[in-house]
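Since the structure comes first, as structure tokens, the remarks are kept for the end.
The values are calculated or read from the model by the stated rules, or taken from the named source; none is laboratory data. All of these numbers come straight from a predicted model, not from anything done at the bench. Virtual Cβ from ideal backbone geometry, glycine too; neighbours counted across all protein chains shown. These accessible areas exclude ligands, DNA and RNA; they are computed on the full protein's heavy atoms, side chains included. Shrake-Rupley method; radii C 1.70, N 1.55, O 1.52, S 1.80 Å.
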Amino acid sequence: MARMKGGELIAEYLVRQKVPYVFGICGHGNVGMLDALYAVRDKVKLVSPRHEQCAGHMADGYFRVRHQPVATLTSTGPGSANLVMSLVTALVDSSAFLAITANVPTSQMNRAPFQELWKHNQADFPSVVRPVVKRSFQPTRVDMLPLALRQAFDTMLTGRPGPVNVDVPFNVFQEEDEVEVPPPSHVFGQHRPAACDADLAAAVSLLADAMRPVIFIGHGATLAEAGPEITRLQQAFGIPVLTSPNGMGCVPADDPLTLGFIGRNGTYPANQAGRHADLVLAIGARFDDRSSSSWHRGYSWNFPKTRLIHVDIDPQELGRNYPPTLGIIADAKVFAAQLADALARREAGGAPPLARQYAEWHAEIAAWRREWEAYVRPGFEARTVPLRPEYVVGTMQKVLPEDAILTCDSGVHHNWFMQFWRPRRAQSMLNSWGYSSMGFGVCSVLGAQLAAPERPCVAVCGDGGFSMTPYVVATAVEYDLPCVWVVWNNFSWAAIRDIQDGMFGGRELGTAFFEGGHYGQKDGKPYNPDFAAWARACGAEGITVTRSEDLAGALEHALRGRRPAVLDVHVDAQVRPPATGTWQLPPTPFREPTFGKPWIA
């Protein structure tokens, strides 16, 4: 045991845990921790963005690419309050980082000192973050830190990952005690529960009885790095795969049995397969409203008529929205390997191959794919001013290399990328799916670039989301991060405008960026800042794209330069994503699909 300051203990534990970065903003409350990080600056690098929300999204993005947690550091009061958005984004999407927050000195607690939250309990910031983290710890003495740090990492990484908060009073960073640095946590990837023999046999039996099965995968499959095992189920046994956005990339995008996203803005083949399936094997996926057409039967799924095998490491997800025929608490990678081995043994024992059994199902799927391709292809080839959304997606798909990482922000552009993007690697399309936080895609690209410095990292964000977080360009220049931002500039909060237009008979208010504040203003013109000029003011590359034929060249130039760049791409706001399922905000009635029809089993 050595005599150490609290800040020194935390810094040494981060070194021992092999945490390469702390993303943080200075403040009077955390200067003691900054001083401790100075001593280990050759092992743990402090990266300081211009806003605490960005620090959290960076840490979230880093984890989604590397599956290795980093830490954030924020000061007392407002600095830590700014972190709430990124904490809830990470929690809902099962992403992990350690949020070290500062608080007032213990001797001043409950006296309402500068930036204390005291109304209901002294130094009460943990109550603020309790709903948005897996656990919050508040060690009030140096000798409490070793246990809190070890438990924080174990909690963060055991089972379903999520962010954890350690809230440290100012004096604890600087006071000393005889303490021992705890051993590093090794839990992530080690605790992988498997299915029992009876459940595995039941799953094999259900697949053997099925004629139209599908696999539905989500972020749990990505976190478990279960792509190879699920690909084996797909290719060796002929089971089609549907994905949530955070499950994209786990299986080959060019496989004819990879059908893409399901839901309102999913692909037509995916929704057709979901509503006509007789068995759904869900692995690490939750049936939220957008991937389930707001749970309206026949639009994306046909439960309870369709049988369901639901596999998840989190028991809370089993039966949350659809009671399973068979519920299994297991790791996605371990279960998929177990099932593939069991199916192989079955066929080696003389049972007819499942792929042959599903041949008629494969033919139906191929027909749906042809219908969908014929319907959407013209938009990908249209050259217009402003650019058509499909053209932007298609051009980026052609230009970006196979190893590119895409971070998508919240907005109408995300609907287009959910529907048509084909990631060619796992952990290469990052989405704020559950909480849909604006700014996530804009900021997380910085963390993704630090996690994969050799790979091109591109953020696709709306003009609204970029306007909320434009300081990211300055951070990229400051730290020499060659990120590229493609700003989907349609001069509006177009996703909300579309909802408002559909629900309220075309009436619109507050969703346009227009001189005068709304459409229809006499002599009004669309208004936005010059995003390319903003980039140049920060020291980055800035290019405005208003013609289809200029997009590919501008994107190639930005990637080739290996320096921060912003492409201000003017996109036609009047072209809506085709709805192949539905979505509802009760009591407003839901809309029918614009392509395809519901089918109730």
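Out of the residues in the range 554-601 that are out of contact with any helix residue (DSSP H, G or I) (no Cβ under 9 Å at 6 or more places or on another chain) and in a helix (DSSP H, G or I), state the one that is farthest from Gly274 (Cα to Cα). Within the range 554-601, the match that is farthest from Gly274 (Cα to Cα) is Gly561.
Consider the range 264-282 and keep the residues that are part of a loop (DSSP other than H, G, I, E, B) and at pLDDT 95 or above. The one that is surrounded by the fewest Cβ atoms within 10 Å (Cβ to Cβ) is Asp278.
The number of residues in the range 1-30 being in contact (Cβ under 8 Å) with a residue 40 or more places away in the chain and either open to solvent by 20 Å² or more (accessible area, probe 1.4 Å) or over 21 Å from Phe63 (Cβ atoms) (or both) comes to 20.
Could you please let me know if Glu478 is modelled with pLDDT of 95 or more, under 20 Å from Thr72 (Cα atoms) and open to solvent by 40 Å² or more (accessible area, probe 1.4 Å)? Here the answer is yes, as Glu478 does meet what is asked. Restricting attention to the range 20-72, the residues that are small (Gly, Ala, Ser) and not in a helix (DSSP H, G or I) add up to 4. Taking the range 283-298 as the range and being open to solvent by 20 Å² or more (accessible area, probe 1.4 Å) and touching a helix residue (DSSP H, G or I) at 6+ places or on another chain (Cβ under 6 Å) as the test, only Arg286 passes.
Quick check: is even one residue across the range 476-499 of a type in the set (Ser, Thr, Tyr) and under 30 Å from Val251 (Cα atoms)? So far as the range 476-499 goes, no, none of its residues is of a type in the set (Ser, Thr, Tyr) and under 30 Å from Val251 (Cα atoms).
What are the residues in the range 347-358 that are surrounded by fewer than 19 Cβ atoms within 10 Å (Cβ to Cβ) and on the phi < 0 side of the Ramachandran plot, if any? Break it down stepwise before answering.
Initial filter on the range 347-358 (surrounded by fewer than 19 Cβ atoms within 10 Å (Cβ to Cβ)): 347-353, 355-357.
Answer for the range 347-358, where residues must be surrounded by fewer than 19 Cβ atoms within 10 Å (Cβ to Cβ) and on the phi < 0 side of the Ramachandran plot: Glu347, Ala348, Gly349, Ala351, Pro352, Pro353, Ala355, Arg356, Gln357.
Criterion first (part of a loop (DSSP other than H, G, I, E, B) and more than 20 Å from Asp312 (Cα to Cα)) does Pro252 satisfy it? When the stated conditions are applied, Pro252 passes them. Is at least one residue of the range 412-435 of a type in the set (Gly, Ala, Ser), farther than 24 Å from Ile262 by Cβ and touching a helix residue (DSSP H, G or I) at 6+ places or on another chain (Cβ under 9 Å)? So far as the range 412-435 goes, no, none of its residues is of a type in the set (Gly, Ala, Ser), farther than 24 Å from Ile262 by Cβ and touching a helix residue (DSSP H, G or I) at 6+ places or on another chain (Cβ under 9 Å).
Scanning the range 1-19 for residues that are under 13 Å from Pro146 (Cβ atoms) and either touching a helix residue (DSSP H, G or I) at 6+ places or on another chain (Cβ under 6 Å) or part of a loop (DSSP other than H, G, I, E, B) (or both) returns Met1, Gly6, Glu8, Leu9, Tyr13, Gln17. Taking the range 145-233 and the strands (runs of 3 or more DSSP E) fully enclosed by it, the elements with 2 or more residues that are more than 30 Å from His276 (Cα to Cα) and open to solvent by 40 Å² or more (accessible area, probe 1.4 Å) are at 176-179. In the range 156-177, the residues that are under 13 Å from Ala90 (Cα atoms) and at pLDDT below 95 reach residues that are open to solvent by 10 Å² or more (accessible area, probe 1.4 Å) and of a type in the set (Phe, Trp, Tyr) with C-beta atoms within less than 8 angstrom, at least six apart or across chains, in these pairs: Leu157/Phe188. Scanning the range 234-256 for residues that are buried (at least 24 other Cβ atoms within 10 Å of the Cβ) and touching a His at 6+ places or on another chain (Cβ under 9 Å) gives Pro240, Ser244, Pro245, Asn246, Gly247.
Counting residues in the range 464-473 that are out of contact with any Pro (no Cβ under 6 Å at 6 or more places or on another chain), crowded, with 21+ Cβ neighbours inside 10 Å and among the small types (Gly, Ala, Ser) gives one or more. From the list Ala36, Ala102, Ala81, Ala90, the lone residue that is of a type outside the set (Ser, Thr, Tyr), within 18 Å of Asn165 (Cα to Cα) and more than 25 Å from the chain's Cα centre (by Cα) is Ala102. Note on the range 23-44: residues that are among the aliphatic types (A, V, I, L, M), in contact with a Leu (Cβ under 9 Å, 6 or more places away or on another chain) and under 19 Å from Pro169 (Cβ atoms) amount to 5. When Leu406 is tested against the conditions (1) out of contact with any Lys or Arg (no Cβ under 8 Å at 6 or more places or on another chain); (2) crowded, with 22+ Cβ neighbours inside 10 Å; (3) closer than 13 Å to Asp572 by Cα, the lone failure is (3). Scanning the range 381-390 for residues being at pLDDT 95 or above, open to solvent by less than 30 Å² (accessible area, probe 1.4 Å) and more than 19 Å from Ala459 (Cβ to Cβ) gives a total of 1. If only residues of the range 234-249 that are of a type in the set (Gly, Ala, Ser) and not in a helix (DSSP H, G or I) are counted, the one that is nearest to Ser436 (Cα to Cα) is Ser244. Since Pro131 meets every condition but one in (1) buried (at least 18 other Cβ atoms within 10 Å of the Cβ); (2) closer than 19 Å to Gln316 by Cβ, which condition does it not meet? Exception for Pro131: condition (1). Among the residues of the range 299-341, the ones that are part of a helix (DSSP H, G or I), out of contact with any strand residue (DSSP E or B) (no Cβ under 8 Å at 6 or more places or on another chain) and surrounded by fewer than 17 Cβ atoms within 10 Å (Cβ to Cβ) come to 2 in all. Residues in the range 453-475 that are aliphatic (A, V, I, L, M) and out of contact with any Phe, Trp or Tyr (no Cβ under 9 Å at 6 or more places or on another chain): Met468, Ala474. Return yes or no: is Ala512 of a type in the set (A, V, I, L, M, F, W, C), open to solvent by less than 40 Å² (accessible area, probe 1.4 Å), in contact (Cβ under 8 Å) with a residue 12 or more places away in the chain and farther than 29 Å from Arg290 by Cβ? Taking the combined requirement at face value, the residue does not satisfy it. Conditions first: (1) open to solvent by 10 Å² or more (accessible area, probe 1.4 Å); (2) in a helix (DSSP H, G or I); (3) among the hydrophobic types (A, V, I, L, M, F, W, C); (4) in contact with a Ser or Thr (Cβ under 9 Å, 6 or more places away or on another chain). Phe114 passes all but one, so which condition is the exception? Every listed condition holds for Phe114 apart from (2).
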